[in-house]
Amino acid sequence: MTKSELIAELAADNPHLLGRDIELIVGTIFDEITAALSRGERVELRGFGAFTVKRRDARTGRNPRTGQAVPVEEKAVPFFKAGKELRERVNRSKPGRGAGERARI
Amino acid sequence: MQTVTRAHLAETIYTQVGLSRNESADLLETVLERMSAALESGESVKISGFGTFSVRQKGRRVGRNPKTGVEVPIMPRRVLVFRPSQGLKAEVNGLTPPVDDDE
């Protein structure tokens, strides 16, 4: 599923809304999450998951082609951790290997 | 640290798009539900400029209770992974995101 497919599905479900507004809504959601992360904040959507920013220390990397050492500066990376409900849904969908089954072992 | 929640996102939709508060909250919920349903069916969700959510199959492996050292089998499972786009990575580092961001 791509962003435009998501927009198309929402448009089909909400015929009373303008396609333009649906695009704006979807855009707003991801823009807001991005803005919060760039402010260093976390975004927590219960059941779905949480977006956070993790710090990576500076390290010495290597150019894989030449083997030459290159300094890699400290940086921030966006991180997503799936919420319990979504995690279970994703795992449960595999036939015969649900979360419940694993708990019985 | 500040935490942004559903309520904040719904409020932003309300102010930016001009739907009612209720409808804004409902739409947000629908977006999350649609994405969840796609992922549940094993389909990836690709949001250009933001990132890609995908489902990865993990094989069976032997784990260990870190406290007791007892070996426990970890059954094959499916996990969700998020790969941020170049643009999101750049934003988080306070850089201008690259123009071409359609990975």
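General observations
- When residues in region A:1-21 are screened for being part of a loop (DSSP other than H, G, I, E, B) and more than 7 Å from every other protein chain (Cβ to nearest Cβ), 5 of them pass.
- The residue that is farthest from B:SER48 (Cα to Cα), among those in region A:22-51 that are more than 7 Å from chain B (Cβ to nearest Cβ) and crowded, with 19+ Cβ neighbours inside 10 Å, is A:GLY49.
- Among the residues listed as B:GLU91, B:GLU71, the single one being free of Cβ contacts under 8 Å to residues at least 40 places away in the same chain, acidic (Asp, Glu), farther than 20 Å from A:GLY47 by Cα and at the interface with chain A (Cβ under 7 Å from one of its Cβ atoms): B:GLU91
- Region B:26-36 - residue that is under 12 Å from A:GLU9 (Cβ atoms) and within 13 Å of the chain's Cα centre (by Cα) and, of those, farthest from the other protein chains (Cβ to nearest Cβ): B:GLU33
- Candidates are the residues of region B:47-68 that are among the hydroxyl-bearing types (Ser, Thr, Tyr) and either in contact (Cβ under 8 Å) with a residue 40 or more places away in the chain or part of a strand (DSSP E or B) (or both); the one that is farthest from A:GLU5 (Cα to Cα) is B:SER54.
- The test for being without any contact (Cβ under 8 Å) to a residue 60 or more places away in the chain, assigned to a loop (DSSP other than H, G, I, E, B) and polar (S, T, N, Q) does not hold for B:THR12.
- Criterion (outside any helix (DSSP H, G or I), buried (at least 16 other Cβ atoms within 10 Å of the Cβ) and not assigned by TED's automatic domain parsing to the domain that holds B:ARG83) met by exactly one of B:LEU27, B:LEU19, B:LEU32: B:LEU19
The values are calculated or read from the model by the stated rules, or taken from the named source; none is laboratory data. The structure presented is a predicted model; accordingly, all values stated were derived computationally and were not measured. With ideal geometry, Cβ positions are generated from the backbone for all residues, glycine too; neighbour counts draw on all protein chains shown.
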